[in-house]
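The block underneath contains the structure these notes are about, expressed in structure tokens.
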Amino acid sequence: MTTPLLSVSGLRASYGPVQVLFDVDFQVAKGSVTTLIGANGAGKTTIMKSLAGLVAPTDGEIRFEGRDITQVPSHDRVNSGLCLIPEGRLVFPGMSVEQNLRLGAIAPAARAGHNQMLAEVFDRFPRLRERRSQLAGLMSGGEQQMLALGRGLMARPHLILMDEPTLGLAPVMVKQVFETIVELRDAGFTILLAEQNAKVALELADRAYLLENGRVALSGPGAELLASPDVRRAYLGM
Amino acid sequence: MKNIGLILGVALAVVAAAVPAFGTPYMMGVVFQVAMWIALAQSWSMLSATTGYLSLGHAVFYGVGAYVCVLLTGTIPFEWALLAGAVAAAVFAAIVGLPVLRVRGPYFVILTYGLSELVRHVVMRIESALGSFGRMIFDVPRTEVLMWWMVGLAVLATLGAYAIRHSRFGAGLAAIREDEVAAETVGVPVTRLKLFAFIASAIIPGAVGGLALLRTSYFEPAQAFDPVISFTIVTMALVGGTETVRGPILGALGFALLSELLWSSLPQLYMIVLGLTLIIFILFVPRGLSGLFGRLGRAG
């Protein structure tokens, strides 16, 4: 078996006295879409932030491309190819679309050839090219999600962490986001997706982990979890 | 339009060069003052305009520079004393930077103010424990020499602010101002960049403090760390506009000249007019003189 691109073991995290992650283990294989599903407060965002280095875990180990990155500062993680598209998108509102995208390539590893990368992002999201001089804060939620994703791609990530990319989007945009995820996987990107929209996430995921109260309650191929009676009852309303 | 800050800086240097030819000591004093405020406001903008971390304590760097300079003058040439003042301010910023920059928004504003006041009182205590109630300096350089040094610092600060804004470093600082968490997710080394900006904004004020000391030839802690210095820097930068390099120049120029006019004609109205100006600008001209001129330029 090949070593996974990302491997998390025994991850624990707390906010003050409140522990929110309890010995979380999971792996992400190269070229796959892996999804973390679970209710609000299950710990999805905390896991994503721990991976990006925005939350310091109290225990456990994060290995990325064979290297222990648990103590590595967040900007060095981006530089080594681990890129978070944060929940709520967090575009730079007072900057233009193009400035946002260029900032995505601020990591030293992404600087060379960032103009070409910009062209690639514009090709993937023509809407961003049309609006390149528009202020990011004035765009719709769906456009901002596209921008956040494009900004992430500018860093040339080996692994894209997407935290709730469909949160607060109109149904037509939700569909488009999921289509984009499939396109990115087909283009060779590896994606870890935290998602409340369990049904769609499970349908497209190669592998899925169900989180409950900060623990992995169930894991397996996406299709398997989709068929599980427990998942169907609790998360799919069937 | 992009280079107008530089153009103004050079123009100021030329004006200053012309002044001694026909100028009186009074005129040289005015140029000294204007250049001093440009240097201070421009340095302040390296941190506060770029990152949005508004420092209300920049007098502390000015004071540290003045204090180090007064301790050293007489023992070494004044040029080296000024350099030592700048280095001391930078070292001080490097030491206090990390804890201070952990807080944001109004907390940062209050903390920088408090820090400046703390240092002021500590220095006052040290001086009174030493039995010193102000130190006189003898043998100071001529006004013309001091003016030249100050103009040099103003130009240097302007070039520095320009270079920062147009660099990758400046792009990272702008990302921090827009959204610090997002900046971190795109790979901006947030803590490091904030610290660098903090140090960069302290260096020139350290030297300015030393020069101002030589000009008055008298050191007194309450005066060297006077919080009004901090307030004035912020006021000038806001009135000038924080979005461009020319902003702090316009603000410092406008304010320093206005204060000269008011001092001579309507001294009792001086502070009232300055206060009103600040209120009017905050309410009606949020982008400052720079934004105002930019708009007029486009309309015309």
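Take each residue in B:172-184, count the other chain C-beta atoms within 10 Å of its C-beta, and the mean is 6.
For the peptides A:196-206, B:63-73, the ranking by mean Cβ contacts within 10 Å, running from highest to lowest, is B:63-73, A:196-206. Legend: calculated FRET efficiency, B:Arg125 to B:Ser217, from the Cβ-Cβ distance at R0 = 35 Å, rounded to 0.05, equals 0.90. Between A:His158 and B:Val181, the distance separating the two model label sites (each 7 Å from Cα on the Cα→Cβ line) works out to 2.7 nm. Taking the Cα of A:Gln71, stepping 7 Å toward and past its beta carbon, and measuring to each backbone N in segment A:1-28: which are under 14 Å? Inside the label zone: nothing.
Output the relative contact order of chain B, whole-number percent, from Cα pairs under 8 angstrom with separation of 6+ residues.
33 percent.
Applying the criteria of a DSSP loop state and at most 15 other Cβ atoms within 10 Å to the trypsin sites (Lys or Arg not before Pro) of segment B:140-175 yields B:Arg142. In this label model, B:Val145 and B:Val103 are separated by 4.3 nm, measuring between points 7 Å along each Cα→Cβ vector.
Looking at segment B:135-202, the chymotrypsin sites (Phe, Trp or Tyr not before Pro) that sit in a DSSP loop and have at most 16 other Cβ atoms within 10 Å of their own Cβ are B:Phe138. Available extension along the chain between A:Asp230 and A:Gln134 is 30.0 nm, counting 0.36 nm per residue and deducting the alpha carbon span.
Work out how much length A:Gln116 to A:Leu167 would gain on full extension: take 0.36 nm times their residue separation and subtract the Cα-Cα distance, in nm to one decimal. That works out to 15.3 nm of additional length. Only helices at least 30 Å long along their axis, Cα-based, and averaging -1.0 or more on Kyte-Doolittle count here, so list those DSSP H runs from chain A. Correct list, ordered by number: empty.
Can you count the Lys pairs in the protein assembly as shown with C-alpha separation below 23 Å, eight or more apart or on different chains?
For the protein assembly as shown, qualifying lysine pairs total 7.
Only the coordinates and a few stated rules stand behind these numbers; no lab work does. Bear in mind the structure is a predicted one, so any value in this text is a computation, not a measurement. Positions of Cβ are backbone-derived with ideal geometry, glycine not excepted, and every protein chain shown enters the neighbour counts.
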